[in-house]
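The values are calculated or read from the model by the stated rules, or taken from the named source; none is laboratory data. Please read all numbers here as calculations on a predicted model, not as lab measurements. Protein only, heavy atoms only, side chains kept; ligands, DNA and RNA dropped before computing areas. Shrake-Rupley method; radii C 1.70, N 1.55, O 1.52, S 1.80 Å.
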Amino acid sequence: RVKVLRPHRASYKDLCVYHTREYLDAVLSPQSSTDINEAFGLDSDCPPFPLLPTYISLVAGCALTAAQALISNTAQITICWDGGRHHAQKGEAAGFCYVADCVLALMALKRAPPRSPGEHKPRTMYIDLDLHFSDAVSQAFASSSASRVPQILVSSGSAIILT
């Protein structure tokens, strides 16, 4: 059975879970200067545009809505057809990606509590099917985890990362 969920918009607080405040202030501000834009990757392949703040909020919100559906057991499988911004860095736009929706969703899944007492926290597998490396997602989860049991498997091209 297919169920279409209405996504919520990601708040500033939702976006700050991964992105830096400096970056968010630059991309969510309608009056950023050229110097500020270049410092945050808002040029060439990621130019600013009039509805950029709305776009960022909706793209991230869709991914977070899908993650929440998994966490709340509303769905066993979720697909966010317009998601996959796998080049957006913590503090910089890159590769046509302004917001790290994949990273935000994976972080939400990583924070999810076990579904029932005595169970381990859920594990997540992220498979990037794009033709090139998902550098930002891989970098976001490359550091060692405080958890003994890896919770996220990132697979993109030849890279496989457990965190």
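Could you look at the range 1-114 and say what percent of its accessible area is carbon and sulfur, using a 1.4 Å probe and all protein chains? Walk me through the numbers before you get to the answer.
Details: 3700 of 6430 Å².
Here carbon and sulfur together make up 58 percent of the probe-accessible area.
Return one whole number: the accessible area per residue of the range 1-128 in Å², for a 1.4 Å probe. Spell out each step's value before the answer.
Details: 7640 Å² over 128 residues.
It amounts to 60 Å² per residue over the range 1-128.
So which residue, out of Arg21, Arg85, Arg111, gets the largest mean-square fluctuation from a GNM of the chain using Cα contacts under 10 Å as springs?
Largest GNM mean-square fluctuation: Arg111.
Provide the three semi-axes, in whole Å and in decreasing order, of the ellipsoid equivalent to the range 57-108 as defined by the square roots of 5 times the Cα gyration tensor eigenvalues. Working shown, then result.
Values: eigenvalues 92, 19, 12 Å².
One finds semi-axes of 21, 10, 8 Å for the range 57-108.
Divide by every residue of the chain the summed helix terms, -39500 (n - 2.57) for each DSSP H run of at least 4, and state the resulting mean residue ellipticity at 222 nm, rounded to the nearest 500 deg cm²/dmol. Walk me through the intermediate numbers first.
Numbers: 6 runs with 56 residues, N = 163.
So the helix-based figure for the chain works out to -10000 deg cm²/dmol.
So how much accessible area does Ile79 have, in Å² to the nearest 10, using a 1.4 Å probe?
110 Å²
If ligands, DNA and RNA are left out, what is the accessible area of Ser44 with a 1.4 Å probe, given in Å² to the nearest 10?
Answer for Ser44: close to 100 Å² accessible.
Taking the full set of protein chains and a 1.4 angstrom probe, give the accessible area of Tyr55 in square angstrom, rounded to the nearest 10.
Around 60 Å² of this residue is reachable by solvent.
For the chain, what relative contact order do you get, as a whole percent, if you take Cα pairs closer than 8 Å and at least 6 residues apart? Walk me through the intermediate numbers first.
On the way: 254 pairs, mean separation 30.4, N = 163.
Computed over the chain, the figure is 19 percent.
Would you calculate the volume per residue, in Å³, of the smallest convex hull containing every Cα atom of the range 21-122? Before the final figure, lay out each step's value.
Details: hull volume 10.1 nm³, N = 102.
Dividing the Cα hull volume of the range 21-122 by its residues yields 99 Å³.
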